[in-house]
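Trainee: Provided herewith is a single structure, encoded as structure tokens, for subsequent inquiry.
The values are calculated or read from the model by the stated rules, or taken from the named source; none is laboratory data. If you're wondering where the values come from, they're calculated on a predicted model, not measured in any experiment. Cβ placement follows ideal geometry from the backbone for every residue including glycine, while neighbour counts extend to all protein chains displayed. The protein model used for the area step is the full one, side chains on, heavy atoms only, and it has no ligands, DNA or RNA in it. Shrake-Rupley method; radii C 1.70, N 1.55, O 1.52, S 1.80 Å.
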Amino acid sequence: MRNILIGFAVVLIIFTVIRSNFTVPGSPEDVSPDTQTCREICGTVKKGETLFDIFRRYSLDAGDLLKLGEASAEIHGLRHLYPGRTYKITVDENNRIDSFDYWIDEENMLSVKRAGTGFSAEKVCVEYEKKILHLGGIIQDNLIASMGDGRERVMLALSLSDIFAWDMDFTSDLRNGDTYKVAVEGYYLNGEFRKYGDILAAEFVNSGEIYNAYRFETDGETGYFDADGRSLKRAFLKAPLNFRRISSHFSRSRFHPILRIYRPHHGLDYSAPAGTPVSAVGGGTVIFSGHRQQYGKLVIIRHTNGWKTYYGHLSRIVKGVRKGGKIIQGQLIGFVGSTGLATGPHLHYELRISNKPANPLTVKMPRGKAVPKTLIAEFRIFKNQMDTRIASIAVPRYTAIEKREKTGT
Ligand SMILES: [Zn+2]
């Protein structure tokens, strides 16, 4: 009896292994040719791949390929497939195509089904299932590396940096051991994660200081607010070297420059690799753009509140950033260089209030509109719900990890 049971268990395990081989979704490179009898072929379009290539790989009927192309032509041409998009082909036992699904974009799918002697095609709007996900972690090296692998995680890291861009300089303020917690929408399809949606709430602990953000809609506009309902938006960004811009600029080489700030004089010097993009900290009008003595290539912006910001030693000023031109907050204006009186590549950043130099790191920056009184009760309810979620997220303790690495135990 016992042997029979063991035998049965072995058969069950083998069966499970085979089954799981057949249902690997979205990874055609893992599908070996002997799985052709499988009725579902799922995959992601590779660079340069055509539908013909896919048909040939799975020995599908070239006649079907022609008819499929004809049927789809009106809705979405299949002559060129886009790398990274997913498809699903179902095939009957005679290797004839029953249906073909292809993602046109995040929201739409081309759905082709066998009909009579040919195929009929339609565009289907994709209905995602939304869930609220809880993520948390600890900063080691930099934000992107700390938030995990994959495109979706990178996008999430950048969204998080955008939310706190007025309070925190993600390129130079982060410390190993800082922590983040995020409640974020996750979009699912057939139980499978597809992408992140909006961040609903976030907590960031930077050098022991806690920053909170809650996403809330006021007067038809959505923004992020702190625990007291004050807008996180300010007239000026924390830093002229924007984390999102720098990250996308250097992403190819996976290089994340460690920036250092010096204060040798009235301004701030950001030591950064030549070519690092420089963004305007606030909106305003360009009042100077060109070369000026020790400053080298310089841009001066007068902001709506009368304050002025200076960006010096630039290697290059972006075309179109000219005297009299309007600038919006975060706009790319130039690149770090060492023009003028500079020993190495760095950005000279200066803030002037009534023409007197001020320290941009300590000066009180005007904020955006707070949650209006009429909505504050509703905001608090949302905040409390989010606080419960955020509090449920556990992050590892950094000190333990650090000690182990240092002592090698
Ligand atoms: Zn300087």
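Trainee: Considering only the other residues whose Cβ falls under 10 Å of the Cβ of LEU200, what net charge follows from Lys and Arg at +1 and Asp and Glu at -1? Walk me through the intermediate numbers first.
Mentor: Numbers: positive: ARG215, ARG389; negative: GLU185, ASP198.
Counting the neighbours of LEU200, the net charge comes to 0.
Trainee: Among the trypsin sites (Lys or Arg not before Pro) within segment 126-182, which fall in a DSSP loop and have no more than 12 other Cβ atoms within 10 Å of their own Cβ? Don't skip to the answer; put the middle values down first.
Mentor: Working: sites: LYS130, LYS131, ARG151, ARG153, ARG175, LYS181; in loops: ARG175.
For trypsin sites (Lys or Arg not before Pro) across segment 126-182 that sit outside H, G, I, E and B with at most 12 neighbouring Cβ atoms in 10 Å, the list reads ARG175.
Trainee: State, to one decimal in nm², a quarter of the convex hull surface area for the C-alpha atoms of segment 244-366, i.e. the direction-averaged projected area. Display every interim value, and only then the final one.
Mentor: Working: hull surface 29.8 nm².
Value for segment 244-366: 7.4 nm².
Trainee: Okay, next question. What whole-number value in cubic angstrom gives the convex hull volume per residue for the C-alpha atoms of segment 24-125?
Mentor: Output value, Cα hull per residue: 93 Å³.
Trainee: To continue, here is another question. Which pairs break 22 Å Cα to Cα here: LYS46/LYS131; LYS308/LYS364; LYS323/LYS369?
Mentor: Details: LYS46/LYS131 29 Å; LYS308/LYS364 15 Å; LYS323/LYS369 30 Å.
The answer is LYS46/LYS131; LYS323/LYS369.
Trainee: Treating the angle as unsigned and between 0 and 90°, give the value, to the nearest 10°, between the Cα long axis of helix 151-163 and the longest Cα principal axis of the chain.
Mentor: Computed tilt is about 30 degrees.
Trainee: In segment 244-366, what percent of the accessible surface is made up of carbon and sulfur (1.4 Å probe, ligands and nucleic acids excluded)?
Mentor: On the way: 3340 of 6390 Å².
Carbon and sulfur atoms account for 52 percent of the accessible area of segment 244-366.
Trainee: Ok, one more. Whenever you get a sec, compute what percent of the accessible area on segment 51-160 sits on carbon and sulfur atoms (1.4 Å probe). Mind dumping the intermediate values first?
Mentor: Values: 2890 of 5880 Å².
C and S fraction of accessible area: 49 percent.
Trainee: To continue, here is another question. May I ask for the equivalent-ellipsoid semi-axes of segment 146-223, computed as the square root of five times each C-alpha gyration tensor eigenvalue and listed largest first in whole Å? Can you show the working numbers first?
Mentor: Numbers: eigenvalues 102, 64, 21 Å².
Equivalent-ellipsoid dimensions as semi-axes: 23, 18, 10 Å.
Trainee: In addition: What translational diffusion coefficient, in µm²/s and rounded to a whole number, does the Stokes-Einstein relation yield for segment 86-193 at 25 °C and a viscosity of 0.890 mPa s, taking the hydrodynamic radius as the Kirkwood radius over Cα pairs? Mind dumping the intermediate values first?
Mentor: Values: Rh = 17.2 Å.
It comes out at roughly 142 µm²/s.
Trainee: Under 5 Å between amide hydrogens, which residues at least 5 positions from GLY283 or on another chain qualify, with H placed 1.01 Å from N in the peptide plane?
Mentor: Answer set, sorted by chain and number: GLN329.
Trainee: Next up: What accessible area per residue comes out for segment 24-125, rounded to a whole number of Å², with a 1.4 Å probe? Mind showing how you got there, number by number?
Mentor: Numbers: 5780 Å² over 102 residues.
Spelled out: the 1.4 Å probe surface of segment 24-125, per residue, equals 57 Å².
Trainee: Cα axis of helix 62-72 to longest principal axis of the chain: angle in degrees, 0 to 90, nearest 10?
Mentor: 50 degrees
Trainee: Hey, another quick one. Which FRET efficiency value, to the nearest 0.05, is calculated for ARG56 and SER120 with the Förster distance at 22 angstrom and r the Cβ-Cβ distance?
Mentor: On the way: r = 24 Å, r/R0 = 1.11.
E between ARG56 and SER120, to the nearest 0.05, is 0.35.
Trainee: Another question, if that's okay. Once the mean 1/r over all distinct Cα pairs of the chain is inverted, what Kirkwood radius in angstroms do you read off?
Mentor: Working: mean 1/r = 0.0392 Å⁻¹.
25.5 Å is the Kirkwood radius here.
Trainee: With a 1.4 Å probe and every protein chain left in place, work out the accessible area per residue of segment 244-366 in Å², rounded to a whole number. Present the calculation step by step, with values, prior to reporting the outcome.
Mentor: On the way: 6390 Å² over 123 residues.
For segment 244-366, the per-residue accessible area is 52 Å².
Trainee: Mind pulling the angle between the C-alpha long axis of helix 376-391 and the longest principal axis of the chain? Nearest 10 degrees, somewhere in 0 to 90.
Mentor: 70 degrees
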